[in-house]
Amino acid sequence: MMEIVRMIVVLSAITGLAGFVLSGLKVWTSPIIEEQVLTYVQKPAIQQVFFDAANDPIADRKKFAKPGGGPNEELLVFPVMKNGKLQAIAMEGAGKGYGGDVNVIVGIDTTTDKVVGISITTHKETPGIGSRVAEPSFTKQFKGRLLEKAKLKKEGGDIDAISGATYSSIGATEAVKQVAGWYAALKDSIKTTWQ
């Protein structure tokens, strides 16, 4: 009986120590991972949408409470300034594609509420089929569209789906729709933040 109790105590101590080490490792590596994502994933996507930004949207980013999210959920908003005034913003949304989430940076002109452009940051879509959502032939369709028209034609929008990659096309447009919803909820806060 004592041997069983001793084994339970030893195993409990080992699992407790392992959990403590893993949680410490997560806390220690989270800022490093966030910086890597900003530098090597989001920054190139934002530069692709806003190639002529007068400021550094990554450096000027702000966190906002995610609309409809939990109390600790935050959303990064990347501002694009011209002549010291807010011209546009970028946010990253996600939609369910065929192979998983399709993450999209969406640029929105804050004066006209039109899409400036989109850039796919990450996806797990089938190479040569679903991965075509990242090609300019698909992404350029969003440029200059009103937010409410930046959806597939079968949903009443202006965007043509990629033949054979319907789920991927839906995932990309759902990400744009998600960002449009966040932008509508945060529009006033965003504009007052960068006045």
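For residue 18, are the conditions met, namely being outside any loop (DSSP other than H, G, I, E, B), touching a residue at least 40 places away in the same chain (Cβ under 8 Å), hydrophobic (A, V, I, L, M, F, W, C) and out of contact with any His (no Cβ under 6 Å at 6 or more places or on another chain)? It is false that residue 18 is outside any loop (DSSP other than H, G, I, E, B), touching a residue at least 40 places away in the same chain (Cβ under 8 Å), hydrophobic (A, V, I, L, M, F, W, C) and out of contact with any His (no Cβ under 6 Å at 6 or more places or on another chain). The numbered conditions (1) under 26 Å from residue 87 (Cα atoms); (2) free of Cβ contacts under 8 Å to residues at least 12 places away in the same chain are all true for residue 127 except (1).
Picking from residues in segment 115-128 that are under 18 Å from the mean Cα position of the chain (by Cα) and not hydroxyl-bearing (Ser, Thr, Tyr), the one that is surrounded by the most Cβ atoms within 10 Å (Cβ to Cβ) is 118. Number of residues in segment 45-71 that are in contact with a strand residue (DSSP E or B) (Cβ under 6 Å, 6 or more places away or on another chain), closer than 18 Å to residue 107 by Cβ, in a loop (DSSP other than H, G, I, E, B) and at pLDDT 90 or above: the value is 5.
When you look at residue 42, is it touching a Gly at 6+ places or on another chain (Cβ under 8 Å), part of a helix (DSSP H, G or I), under 24 Å from residue 138 (Cα atoms) and at pLDDT below 95, yes or no? No, not satisfied.
Among the candidates 177, 124, 140, which residue alone is farther than 26 Å from residue 65 by Cα and either in a helix (DSSP H, G or I) or at pLDDT 95 or above (or both)? Even if it seems obvious, please write down each step before you answer.
Working: 177 fails: farther than 26 Å from residue 65 by Cα; 124 fails: either in a helix (DSSP H, G or I) or at pLDDT 95 or above (or both).
Only one candidate passes the filter, namely 140.
Return yes or no: is residue 159 over 19 Å from the mean Cα position of the chain (by Cα) and buried (at least 18 other Cβ atoms within 10 Å of the Cβ)? So residue 159 passes the test. Per the conditions (1) assigned to a strand (DSSP E or B); (2) over 23 Å from residue 187 (Cα atoms), the sole criterion not satisfied by residue 77 is (2).
Given (1) assigned to a loop (DSSP other than H, G, I, E, B); (2) hydrophobic (A, V, I, L, M, F, W, C); (3) within 17 Å of the chain's Cα centre (by Cα); (4) exposed (fewer than 11 other Cβ atoms within 10 Å of the Cβ), identify the lone condition not met by residue 33. Only one criterion in (1) assigned to a loop (DSSP other than H, G, I, E, B); (2) hydrophobic (A, V, I, L, M, F, W, C); (3) within 17 Å of the chain's Cα centre (by Cα); (4) exposed (fewer than 11 other Cβ atoms within 10 Å of the Cβ) is unmet by residue 33, namely (1). Within the set of pairs 6 or more residues apart or between chains, which connect a residue that is within 21 Å of residue 176 (Cα to Cα) inside segment 46-58 to a residue that is in a loop (DSSP other than H, G, I, E, B) with Cβ atoms less than 6 Å apart? Within 6 Å, the pairs are 46/57. If I filter segment 50-64 down to residues being among the basic types (Lys, Arg) and over 22 Å from residue 142 (Cβ atoms), which single residue comes out as surrounded by the fewest Cβ atoms within 10 Å (Cβ to Cβ)? The selected residue is 63.
A single member of 92, 74 is closer than 26 Å to residue 124 by Cα, touching a residue at least 24 places away in the same chain (Cβ under 8 Å) and touching a strand residue (DSSP E or B) at 6+ places or on another chain (Cβ under 6 Å), and it is 92.
The values are calculated or read from the model by the stated rules, or taken from the named source; none is laboratory data. Only a predicted model underlies this, so the values are computations on that prediction, with no experimental measurement involved. FYI the Cβ positions are ideal-geometry reconstructions off the backbone, even for glycines, and counts take in every protein chain you see.
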